[in-house]
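Colleague: The structure follows.
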Amino acid sequence: MWRHIPGVTEPKRKNTEEIGDKEGETSTKKAKVRKFSEKWKTDREWLQYDDSTGVMFCSVCRTHAKEKQRGNSFVVGNKTMKVETIREHEGSRCHGVCKSVARAQSEPLFSQPAVAALTCLSEETRAKLRAMFRTAHALAKKGRPFTDYEWICDLDEQKGIALGATYRNKTQAKEFTQYIAEAERDEIRQMLKKTRFLSIMSDGSTDSSVKEEELVYVRWSHMGKIESRFVGIKSVEKADAAHITSTIREIMVRVCEEWESKLVALATDGAAVMVGAKSGVVSRLKGDRAYIIGIHCMAHRQELAFMDAIKSHAMFQRVEEFLSGLYTFYHASPLNRANLVNSFQALGHKPLVPTRIGGTRWVGHLLRALDHFLRGFQGIVQHLEQIQSCDAANVRGVQQAKARKYYSTAREAVFIRFCGFLHDTLTHLSSLSVSLQRSTITIAEAHSCLSATQAVLKKYKTREGPMQAAMTKAMRDNNNSYEGISLTSSDSQTLVASRVKLLDRLVESMTDRFQDVSVGVLCATKLVSFANWPESGDAAADFGDTEVETLVNHFRPVLETCGIHAENVMDQWTVLKSFMYQEPQFLSHPHVSWATVNRSHQHSCPDLLAVIDLVLSLPASTADCERGFSTMKMVKSDWRSSLLSDTLSDLLIIQLCSPDIKDFDPRTAMMLWHESSVRSRRPDYMDGGAKRVSERVSAEDSDEEF
């Protein structure tokens with residue numbers, strides 16, 4: 001414009017790098033870095049700030065927001081750092097509803113107006129709600145979709161059960177399920193409040209929607225009784241140590257706010273991201289609390305020890321290839337499978353089809369495949385002989401060649417006897433694995449089972465096991481034949497060398513994998529197993545003194561935090577031993593337990609029995625997590641792959657923790673559901689309209705009759 005006005009020069013351009021302040025001065029423009037101000041927390045106890053992630057959030061909304069409100073910025077975390085944003089959230093409807101819910105839950109249960117309103121409902125309405133809650137619980141317990149709720153309600157109506165027209169849709173079924181799960185969490189919260197120590201068991205897996213899910217169990221002991229409960233599952237954005245640690249914290253805070261002060265151990269699968277010395281999940285959760293123990297799952301270690309032993313073992317590789325090929329030979333051909341069944345039936349035997357050697361329980365699957373082969377030896381060899389015969393009709397040359405190879409291998413005496421030895425070895429390893437997978441097993445019991453298994457394996461170097469001995473006797477009595485099948489000549493030296501080599505490797509690898517159980521704190525836990533106690537009181541004078549001292553010194557910080565007098569533990573240990581050996585029938589009783597000891601001696605040895613509870617809280621394996629993932633895969637199947645983490649967690653806690661359908665009492669869940677509403681629930685809201693419609697239809701029908 002200035003170009004077209006005579007006598008006007010070009011105006012001075014404004015420097016965008018400088019701006020004027022209120023006093024007319026200039027200053028260089030810089031990007032303003034906003035920070036959280038602690039004064040914003042004044043009169044806002046709900047406002048929290050997370051230094052690690054740099055976000056502020058509302059603790060009330062994060063705890064009580066419904067699923068559709070989980071996307072609120074003050075639930076996931078807000079980074080704006082503006083007081084205006086805080087005021088806007090403070091006046092929002094979401095925040096007001098969550099505050100009302102929190103206020104209602106903080107009051108005594110039966111003093112709340114909503115619960116009082118529930119107790120004032122008619123018996124007919126309460127019966128209707130009980131039926132609906134039972135239906136929702138049954139659907140979750142059996143892994144059925146929420147859409148089944150609608151037709152089950154219709155079916156109940158046809159059976160004569162009056163349910164009314166309100167709360168008859170899948171959305172309400174999902175809401176009922178949430179409060180049933182919350183009732184179970186409340187029970188877990190109450191139990192965790194009573195206990196002084198707890199351990200976490202955590203593992204990760206991929207679900208049907210290809211998301212990484214982190215599953216958490218908690219184990220504790222109260223008054224000598226061990227409990228292990230599922231507490232939550234949550235998807236992890238990235239399976240690294242930082243995200244997994246954050247996920248575990250979120251899950252644990254939901255059931256126990258003071259869990260960090262009670263934590264004494266973390267059990268994991270041994271992956272590097274979990275047990276890394278510098279920045280693993282265990283190290284991050286431990287922080288500066290050196291007394292927290294990281295435990296590598298013993299059942300997993302036992303599988304790894306066996307895999308270490310069989311590496312590059314020629315004879316075992318032959319067995320593995322044979323069993324794998326035999327499984328494929330019959331699994332991929334329905335004709336071969338059918339003919340094998342006919343072969344067993346002709347012999348009058350039960351059909352035993354070869355199974356695969358791999359799976360989630362590697363030792364268990366290998367043992368089953370080997371057991372099917374040895375018990376079905378006669379029928380399998382007979383069928384292989386029929387196929388590889390040149391006279392066999394309608395059999396391809398490739399099938400004949402495979403059958404000829406398997407038939408030749410199965411008739412080797414050395415091979416069969418080595419399979420018998422392997423069967424004996426795997427039987428003990430499988431038994432050890434099953435013992436290590438028990439939910440309530442202690443580290444002391446796991447150490448005893450491990451020692452017993454190693455002792456048996458060492459004996460197998462010089463003597464044969466039951467299966468191999470039976471084979472050797474049968475071959476000797478029947479002129480080198482087994483179950484009527486003539487075998488090729490055997491080389492005993494090759495068999496003995498292969499057996500000793502495998503046993504040496506196995507014992508050595510088990511010793512290496514479990515070396516931490518034989519020293520230090522984990523070794524000191526053996527005193528909680530009554531099987532390790534001396535039979536007489538004279539021999540028990542000094543028994544356990546060193547172990548108790550080791551445990552007290554290691555866990556002293558957490559013991560003192562919980563109000564336990566650590567200096568009294570040694571004296572109380574001596575007192576307890578004196579009491580126990582004054583009742584010799586007590587220790588010899590087959591069902592003696594620490595729960596029984598607590599009932600008898602809690603008043604005289606409270607500090608010692610608290611230490612015993614701490615030791616009993618230490619988990620030996622993460623088998624509970626594996627069972628939890630098995631349930632997860634059944635619940636979140638391909639047909640339900642869109643389930644959210646919160647819904648999946650609710651369904652799993654009902655399946656894994658709630659009572660059976662016939663024992664389920666819905667009253668607690670109904671109370672929680674009723675008290676969570678800001679306004680009174682109206683279970684009969686739609687029944688009036690439905691009743692009027694029904695009356696109008698009946699009147700029209702009667703008019704048509706006239």
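The values are calculated or read from the model by the stated rules, or taken from the named source; none is laboratory data. What you see is a predicted model; the values in this text were computed from it and never measured. Cβ placement follows ideal geometry from the backbone for every residue including glycine, while neighbour counts extend to all protein chains displayed. Remember, those area values only see protein heavy atoms, side chains included, never the ligands or the DNA or RNA. Shrake-Rupley method; radii C 1.70, N 1.55, O 1.52, S 1.80 Å.
Colleague: If I take R0 = 35 Å and measure r between the Cβ atoms of residue 431 and residue 571 in this structure, what FRET efficiency does the formula 1/(1 + (r/R0)^6) give, to the nearest 0.05?
Modeller: My answer for the efficiency is 0.30.
Colleague: Report in % the part of the accessible area of the chain that belongs to carbon and sulfur, leaving out ligands and nucleic acids; probe 1.4 Å.
Modeller: 51
Colleague: Can you tell me the FRET efficiency between residue 604 and residue 337 if r is taken as the Cβ-Cβ distance and R0 is 56 Å, rounded to the nearest 0.05?
Modeller: Step by step, r from the Cβ atoms, then E = 0.25.
Colleague: When the chain is fully extended, how far beyond the present Cα-Cα distance does residue 639 get from residue 250, taking 0.36 nm per residue of separation?
Modeller: Separation in residues times 0.36 nm, less the Cα-Cα distance, equals 137.2 nm.
Colleague: Report the gain in length on full extension from residue 685 to residue 289: 0.36 nm times residue separation, minus Cα-Cα distance, nm rounded to one decimal.
Modeller: 137.0 nm
Colleague: Hey, what angle do you get for helix 334-347 against the long axis of the chain, alpha-carbon based, 0 to 90 degrees rounded to 10?
Modeller: Computed tilt is about 50 degrees.
Colleague: Let me ask another. Decide, for region 164-247, between rounded, prolate and oblate: order the square roots of the alpha carbon gyration tensor eigenvalues as a ≥ b ≥ c, take rounded if a/c falls under 1.5, and otherwise choose prolate if a/b is larger than b/c, else oblate.
Modeller: Oblate, since a/c reaches 1.5 and b/c is not below a/b.
Colleague: Projecting each Cα onto the charge dipole of the chain (Lys/Arg +1, Asp/Glu -1 at the beta carbon, about the Cα centre), which of 181, 49, 272 comes out farthest on the positive side?
Modeller: It is 272.
Colleague: For region 639-672 and region 555-584, write down the distance between their C-alpha centroids in whole Å.
Modeller: 40
Colleague: Something else: Need the full-extension length gain, residue 73 to residue 258, defined as separation in residues times 0.36 nm minus the C-alpha distance. One decimal, nm.
Modeller: Roughly 64.0 nm would be gained on extension.
Colleague: May I ask you to give the solvent-accessible area per residue for the chain, in square angstrom, as obtained with a 1.4 angstrom probe?
Modeller: Value for the chain: 52 Å² per residue.
Colleague: Could you size up the charge dipole of region 534-583 around its Cα centre, putting +1 on the beta carbon of Lys and Arg and -1 on that of Asp and Glu, and report it in debye to the nearest 20?
Modeller: My answer is approximately 200 debye.
Colleague: Let me ask you something else. Show which lysines lie in cross-link reach of residue 633 when reach means a straight Cα distance below 16 angstrom and same-chain residues fewer than eight apart are skipped.
Modeller: Those lysines meeting the cut-off are 141, 142, 211, 234.
Colleague: Assign one of three labels to region 125-213, namely rounded, prolate or oblate, based on the Cα gyration tensor with a ≥ b ≥ c the square roots of its eigenvalues; rounded applies when a/c is under 1.5, prolate when it is not and a/b is larger than b/c, and oblate otherwise.
Modeller: oblate
Colleague: Under a Cβ-only charge scheme (Lys and Arg +1, Asp and Glu -1), can you give me the dipole magnitude of the chain about the Cα centre, in debye to the nearest 20?
Modeller: Charge dipole, the chain, about its Cα centre: 1680 debye, nearest 20.
Colleague: Taking loop as defined by DSSP and a crowding limit of 12 other beta carbons within 10 Å, which trypsin sites (Lys or Arg not before Pro) in region 160-208 fit?
Modeller: Taking region 160-208 and a limit of 12 other Cβ atoms within 10 Å, no loop trypsin sites (Lys or Arg not before Pro) are found.
Colleague: Using only Cα atoms, tell me the angle between helix 492-513 and the longest principal axis of the chain; keep it within 0 to 90° and round to the nearest 10.
Modeller: So the helix axis and the longest Cα principal axis differ by about 30 degrees.
Colleague: Per the helix-only calculation at 222 nm, which mean residue ellipticity applies to the chain, given -39500 (n - 2.57) for every DSSP H run of n ≥ 4 and division by its residues, nearest 500 deg cm²/dmol?
Modeller: -17500 deg cm²/dmol
Colleague: Evaluate E = 1/(1 + (r/R0)^6) for residue 473 and residue 582, where r is the Cβ-Cβ distance and R0 equals 51 Å; express this FRET efficiency to the nearest 0.05.
Modeller: 0.50
Colleague: Let a ≥ b ≥ c be the square roots of the eigenvalues of the Cα gyration tensor of the chain; is it rounded (a/c under 1.5), or, if not, prolate (a/b larger than b/c) or oblate?
Modeller: Prolate, since a/c reaches 1.5 and a/b exceeds b/c.
Colleague: Please identify which residues in region 213-257 have an amide N closer than 17 Å to a label point set 7 Å out from the Cα of residue 562, following the Cα→Cβ vector.
Modeller: Taking a point 7 Å out along Cα→Cβ of residue 562, the residues of region 213-257 whose backbone N falls under 17 Å are 218-229, 256-257.
Colleague: Which lysines have a Cα less than 19 Å from the Cα of residue 41, not counting those fewer than 8 places away in the same chain?
Modeller: 79, 82, 99
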